[in-house]
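Contents: one structure, followed by commentary.
The values are calculated or read from the model by the stated rules, or taken from the named source; none is laboratory data. Remember, it's a predicted structure, so these values are computed and weren't measured experimentally. Positions of Cβ are backbone-derived with ideal geometry, glycine not excepted, and every protein chain shown enters the neighbour counts.
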Amino acid sequence: MHADLERVIVLQRLDSTAQDAQRRLAEEPDRQKAIDVRLEGAKQKVADAKARLADSQNARRTLEKDVAVHQGRLSKFRDQLMAVKTNVEYQAMQKEIGYAQAEVKAIEDKVLERMLEGDELAASVKRAEAELAAEQKATDLDRRSLAGDVEALKTSLEKIRIERAELVASIDPKVLAIYDLVARRRHGIAVAEARGGICTICHVRLRPQVFNNIRRNDSIIQCDSCQRILYFSPAAAAATPDSVSQPTQ
């Protein structure tokens, strides 16, 4: 294989790997934000559960105050009952006492409902807190994993930078200029495989003589359509003689 053709193939692999690493690094803030959103969601569930419990407890305390007020009235009516002098007054007072007792019972029933509700809400708070603790552990683990990924990507990019600099120094400047120009114009992809008489990226059919020349891999040949530097892979052609990949132009 032509030495510079072999080198630009390797260069393309390095640049594609670096491009992918840079893309993943650029996604790091969004990944971090997604972790934060998960944790904040779990915290909000705890806050909401506690707020519902507090509202229920406040409502219960209000009802208990109402019970105390009505019990005070009931006690007052009973004291007054001892002082009545006529049967009419006695009957009237008994009605008042009956009304007060009914009101006390109704409110006490509501207090009981609030007590049961409070038990359920307290259990909900505990569940939400348990979920928060689990989410905290999970997000801590994800943050450590993300930090490890970022460090690995930076290390990979530094290795690629060094390897690329050494490789670029060994490529004919004219060939490198072609590579750089096409890479800028074609979203970083300057080298493509030719297979089955077709450029596997732009999918334009090559002239038979051009394809035969490419198959020899002994010169720098560009696609007439997309201008990418073309090479032939006998192993790939043997494995998939009729298939063509679908990268973005």
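If the Cβ limit is 7 Å and pairs must be 6+ apart or interchain, which residue in segment 1-14 that is touching a residue at least 60 places away in the same chain (Cβ under 8 Å) pairs with which residue that is small (Gly, Ala, Ser)?
Taking only residues 6 or more apart or on different chains, the pairs are His2/Ser219; Arg7/Ser170; Gln12/Ala190.
Select from segment 178-222 the residues that are on the phi < 0 side of the Ramachandran plot and among the polar types (S, T, N, Q) and list them in ascending order.
Thr200, Gln209, Asn212, Asn213, Ser219, Gln222, listed by residue number.
Please work out if Arg78 is farther than 30 Å from Leu153 by Cβ, touching a helix residue (DSSP H, G or I) at 6+ places or on another chain (Cβ under 8 Å) and basic (Lys, Arg).
When the stated conditions are applied, Arg78 passes them.
Of all residues being among the hydrophobic types (A, V, I, L, M, F, W, C) and at pLDDT 95 or above in segment 1-15, which is farthest from Leu230 (Cα to Cα)? Just the residue, please.
Leu14
Within segment 179-218, restricting attention to residues that are part of a strand (DSSP E or B) and free of Cβ contacts under 8 Å to residues at least 60 places away in the same chain, which residue is farthest from the chain's Cα centre (by Cα)?
Arg205
Yes or no: Asp140 at pLDDT 95 or above and assigned by TED's automatic domain parsing to the domain that holds Arg38?
yes
Just checking, which of Asp79, Asp48 is at negative phi, modelled with pLDDT of 95 or more and in a helix (DSSP H, G or I)?
One residue alone meets the criteria, Asp48.
Filter segment 47-59 for residues that are closer than 18 Å to Asp109 by Cβ and crowded, with 18+ Cβ neighbours inside 10 Å and give the result.
Ser56
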